[in-house]
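Read-outs throughout are calculated quantities, based only on the coordinates presented, and are distinct from any laboratory measurement. These numbers were taken from a predicted model, which means no experiment stands behind them. As a convention, Cβ positions derive from the backbone with ideal geometry for all residues, glycine included, and neighbour counts pool all protein chains shown.
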Amino acid sequence: MKSSAAHGRARICRGCWDQRSVPIPIRGPLAVPFRTFGISRSKMNPNICTICERAFRRVKKHRHISATATILFADIRGYSNLSERIGSVQLSDIVSAFQDQCAHAIWAHDGIVNKQMGDGLMAIFNFPIKIERHAEAAVTAALTPRLGEAADPPGVGVGVHTGPVEIGEFSTVRSDFTAIGDTVNLAARLEAQAAIGEILVSTESAALAPGLTADAATRTLALKGIERPVPARVLIATG
Ligand SMILES: [Zn+2]
């Protein structure tokens, strides 16, 4: 059970299989009885199930678990400007095109779309689907041509960082799992500093994805809440 494209339509949940070796059917006739018990495909990634979405038993028991993951943030640059300039119908078309294209690029590389925040999103690579080269998977997804190359829309900025995260349900009102910690914060701050069409990749992620980042320029950034300057690789989204 390895790598991307072949799993475009997995029959069993890749998260349950990778994390607990439990085969939960999500496609085909075997999936039907599961659906009647409310277990179906997740909206975070159609190759995992809604049990994964509500967090695993292992996660639940310990409330949260520690894992190593690559976190990707992406958002539409100049969104508030854009929303003043164009009508809400056109705006919602742009946002849904952005969210759809990002989701497909992320799913193609086994990541999950963990949060969608209107003009932005957060994706997790290496949980619940295990990915040997998760930094590479995230950078490759980020390089997939997207909204940034379309005619009118203002473009997208992306941040990618790899490190330890805590995964669990941190809200008592919503039963969604997410990742928190310094790794997530740094990925978000890198994204905030990315110009249109830029993918800012931390040195930690870049070291795990040398083939994709070795030729990229390095930029030293002053990030909010971090005292020392943070170097990052600057990749440009390809058209
Ligand atoms: Zn599952």
Which order results if Ile236, Ile71 are arranged by neighbouring Cβ count within 10 Å, fewest first? Ile236, Ile71
Tell me, what ³J(HN,Hα) does each residue in the range 193-198 have, in order and in whole Hz, if you take phi through Karplus 6.51 cos²θ - 1.76 cosθ + 1.60 with θ = phi - 60° and put x for Gly and Pro? 8, 6, 7, 3, x, 8
Between Ile131 and residues 5 or more places away or on another chain, which pairs have amide H atoms under 5 Å apart, with H built 1.01 Å from N, and which residues are they? Asn126
How big is the chain along each principal axis, measuring the range of its Cα positions in Å and listing the largest first? 49, 42, 37
Quote the charge dipole size of the chain about the Cα centre in Debye, to the nearest 20; the model charges only the Cβ of Lys and Arg (+1) and of Asp and Glu (-1). 1140
Taking Trp107, Trp17 and counting other C-beta atoms within 10 Å, the order from fewest to most: Trp17, Trp107
DSSP beta bridges in the chain [antiparallel fraction, %, rounded to 5]: 95
For Arg77, list long-range residues whose amide hydrogen, built 1.01 Å from N in the peptide plane, is under 5 Å from its own amide hydrogen. Gly155, Val156, Gly157
